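Coordinate-derived values only; no laboratory data. Computed from a prediction, not measured in an experiment: that's the story for all the values here. With ideal geometry, Cβ positions are generated from the backbone for all residues, glycine too; neighbour counts draw on all protein chains shown.
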């Protein structure tokens with residue numbers, strides 16, 4: 001997994017709840033809404049495997065080494081300042097949200113999460 005691109009993974013359930021709160025407040029303007037914190041794609045994948053208690057050999061690679069046709073920015077973390085100015089509490093840390101997602105999609109205690117589907121949905 002690439003280790004030179006930084007993102008803020010965001011759980012759609014948390015995003016939907018924040019959007020609902022913004023609508024209830026009749027907030028106007030442009031809002032970035034992401035879970036708190038940031039990580040690289042490598043750190044994100046590693047966290048998935050760690051939380052699912054899966055023994056997966058992970059390797060850090062650079063974007064250039066992948067020869068991917070997809071162009072992503074090196075740093076794509078959005079600022080949630082407008083959300084806070086609207087009086088909303090920042091979303092929970094991305095790792096806590098990831099744990100909640102994994103609990104919903106599989107049994108993370110026994111490591112039966114389908115890691116391929118989790119990573120594919122996270123990367124899209």
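Filtered by the rule that a residue be in contact (Cβ under 8 Å) with a residue 60 or more places away in the chain and surrounded by fewer than 16 Cβ atoms within 10 Å (Cβ to Cβ), the range 43-64 gives 54, 61, 62.
Taking (1) buried (at least 19 other Cβ atoms within 10 Å of the Cβ); (2) over 17 Å from residue 106 (Cβ atoms); (3) more than 15 Å from the chain's Cα centre (by Cα) in turn, residue 21 satisfies each apart from (1). Here 72, 99 are screened, and the one residue that is within 21 Å of residue 11 (Cβ to Cβ) and without any contact (Cβ under 8 Å) to a residue 60 or more places away in the chain is 99.
In the range 25-42, what count of residues is obtained for those that are free of Cβ contacts under 8 Å to residues at least 40 places away in the same chain and under 13 Å from residue 94 (Cα atoms)?
1
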